[in-house]
1. Name the residue, out of Val57, Val39, Val21, whose mean-square fluctuation peaks in a Gaussian network model built on the chain with Cα pairs under 10 Å.
2. Considering only protein heavy atoms, with the full assembly of protein chains and a 1.4 angstrom probe, order Asp58, Asp4 by accessible area, largest first.
3. Using label points projected 7 Å from each Cα along Cα→Cβ, tell me how many nm separate Ala30 and Asp4, to one decimal.
4. Once the Cα atoms of helix 23-57 and of the chain are each reduced to a long axis, what angle between those two axes, in degrees from 0 to 90 to the nearest 10, is obtained?
5. Spin-label point model (7 Å from Cα, Cβ direction): what's the Leu51 to Ala64 distance in nm?
6. Taking only DSSP H segments of four or more residues, each worth -39500 (n - 2.57), what value at 222 nm results for the chain once the sum is divided by all its residues, to the nearest 500 deg cm²/dmol?
7. Enter the angle in degrees (range 0 to 90, nearest 10) between the Cα long axis of helix 3-18 and the first principal axis of the Cα atoms of the chain, meaning the one along which they spread out most.
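The values are calculated or read from the model by the stated rules, or taken from the named source; none is laboratory data. This structure is a prediction, so every number in the text was calculated from the model and none was measured. Cβ atoms come from the backbone with ideal geometry, glycine included; neighbour counts cover every protein chain shown. Protein only, heavy atoms only, side chains kept; ligands, DNA and RNA dropped before computing areas. Shrake-Rupley method; radii C 1.70, N 1.55, O 1.52, S 1.80 Å.
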Amino acid sequence: MATDDATTYDFVTQILTTRQVSDANFKAMAALIGERGIVELVALMGQYTGLTMLFVVDRYPVPAGAPDEVNKPM
């Protein structure tokens, strides 16, 4: 995985699993995309998370052949 991708993955994974971000992950992400970029990334994550919750509540059908991970909660 490229360094930029790994930095983003670590940041996103940490915030989604722990609801917090370490200083090290924040600094690495800020160096990559800046503080404004972090705000935009977190907003985008919130938008997709909200849409996912709506699909789950609505019992929106998962496409045939979708990987099992799609059906599992995070």
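1. Val57
2. Numbers: Asp58 110, Asp4 85 Å².
Result of the area sort, largest leading: Asp58, Asp4.
3. Distance between the two pseudo-spin positions: 2.1 nm.
4. The two axes meet at around 10 degrees.
5. Here the answer is 2.4 nm between the modelled labels.
6. Numbers: 2 runs with 51 residues, N = 74.
Estimated from H runs of four or more residues: -24500 deg cm²/dmol.
7. Helix 3-18 sits roughly 60 degrees off the main axis of the chain.
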